[in-house]
Amino acid sequence: MTAPAVLVVGATGTTGSRTAARLAAEGHRVKAASRRAAPVAGAEPVRFDWYDTATYAPALEGVDRVYLVPPVGDPDPAAVMLPFLRQARAAGVRRAVLLSSSAVPSGGPAVGLVHQALPGLFPEWAVLRPSWFMQNFTGDHLHARGIREDGTVRSATGSGRVGFVDADDIAEVAVRALTDGRAPDTDLVLTGPEALSYDDVAAVLTEVTGRPVVHHRLTQAQLRDRLAAEVPAEFAGILAGMDGAIAQGAEDRVTGTVQRLTGRPPHSFRTVAERELTPAR
């Protein structure tokens with residue numbers, strides 16, 4: 001009899017790819033879901049599109065656990081996620097782990113409505129609420145592109161501090177939440193080991209790369225208009241508002257969640273910057 005699989009939605013994304021790789025490395029059967037069914041090492045690729053309900057049943061076949069990455073840029077993800085989650089439960093999924101945000105509580109806007117519904121849909125569950133990703137400064141994010149292009153990171157965070165977290169740490173917690181004998185059955189706020197301002201981030205990047213990086217402070221309106229060139233206007237407004245909340249201290253915290261679930265401390269920003277931005281020798 002074939003072992004039940006873990007369905008990883010968003011398996012080519014920042015946390016989904018890392019989660020799928022770790023699950024496969026631990027010997028779990030993984031169905032890697034993406035819109036193009038892209039190959040993922042050690043996993044079975046499967047086509048999945050939040051906006052195409054015909055992809056739901058094939059993705060859910062033989063699955064008993066799911067890792068859920070909400071549709072990117074959708075200000076109302078619950079509209080497509082909740083019908084899928086009800087279908088998943090009916091198909092035999094018993095554990096669901098949702099990727100949310102430290103800025104969005106249960107019942108809050110956007111994915112907060114999915115968070116609120118999750119305990120009533122599945123007997124085993126967890127909601128990961130990571131702080132801002134360290135990879136925003138090293139990958140394909142607007143911040144990272146700005147750093148590469150002109151040595152500038154632009155935000156409306158002022159001097160507010162954030163407990164930036166490594167996507168690798170998020171993935172390790174996700175694997176534990178998906179596969180440990182007992183599900184967390186709670187939400188988990190994930191941070192790195194220290195809270196840093198964007199000025200602090202720029203200073204670390206300057207030291208690690210040897211290239212000057214500066215933090216250029218924008219107003220919320222300026223940031224909203226800048227982001228609106230990349231994402232829908234409503235979502236741009238939400239993101240700019242999150243920067244405003246950071247400026248007021250909303251993300252100035254660190255938690256021990258990564259240590260508690262993985263047995264090791266979270267990676268520092270300097271460690272991640274050196275790992276991802278320093279040429280291999």
- Message: If packing is taken as the average count of other Cβ atoms within 10 Å, what order do 124-132, 266-274, 244-252 fall into, highest mean first?
- Response: 124-132, 266-274, 244-252
- Query: Relative to the longest principal Cα axis of the chain, at what angle does helix 233-247 sit, 0 to 90 degrees, rounded to 10?
  - Reply: 60 degrees
- Relative contact order in percent for the chain (Cα pairs under 8 Å, 6+ apart) equals 17 percent
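More than 17 Å apart: what percent of Cα pairs in the stretch 168-281 qualify?
Tail of the P(r) past 17 Å holds 68 percent of the pairs.
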- Message: Can you compute the modelled spin-label distance between A250 and R275, with each label point 7 Å from Cα toward Cβ, in nm?
- Response: 2.8 nm
- Rounded to the nearest Å, the spacing of the alpha-carbon centers of the stretch 69-106 and the stretch 181-226 is 25 Å
- Cα gyration tensor, the stretch 109-194 - rounded (a/c under 1.5), prolate or oblate: prolate
- Quick one: Cα convex hull volume of the stretch 57-166, Å³ per residue? 127 Å³
- Note on the structure: If the chain between A233 and D185 were fully extended at 0.36 nm per residue, the gain over the current Cα-Cα distance would be 13.8 nm
- More than 27 Å apart: what percent of Cα pairs in the stretch 87-233 qualify? 34 percent
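Provide the convex hull volume over Cα atoms per residue for the chain, in Å³.
132 Å³
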- Note on the structure: For the stretch 58-194, percent of DSSP beta bridges that are antiparallel (nearest 5) comes out at 0 percent
- Query: Averaged per residue, what accessible surface does the chain expose to a 1.4 Å probe, in Å²?
  - Reply: 44 Å²
- Taking the Cα atoms only, what angle lies between the long axis of helix 167-179 and the longest principal axis of the chain, rounded to 10 degrees? 20 degrees
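Over the stretch 110-190, what is the relative contact order in percent, taking alpha-carbon pairs closer than 8 angstrom and at least six residues apart?
Taking the mean separation of contacting Cα pairs over the length of the stretch 110-190, I get 45 percent.
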- Note on the structure: In whole percent, the fraction of accessible protein surface over the chain that belongs to carbon or sulfur atoms, probe radius 1.4 Å, stands at 51 percent
- Pull up the DSSP beta bridges for the chain and report the antiparallel fraction as a percent, rounded to 5. 5 percent
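The values are calculated or read from the model by the stated rules, or taken from the named source; none is laboratory data. These figures come from a predicted structure and were not determined experimentally. In this analysis, Cβ positions are derived from the backbone assuming ideal geometry, glycine residues included, and neighbour counts consider all displayed protein chains. Calculation scope for accessible area: heavy atoms of the full protein, side chains included, ligands and nucleic acids excluded. Shrake-Rupley method; radii C 1.70, N 1.55, O 1.52, S 1.80 Å.
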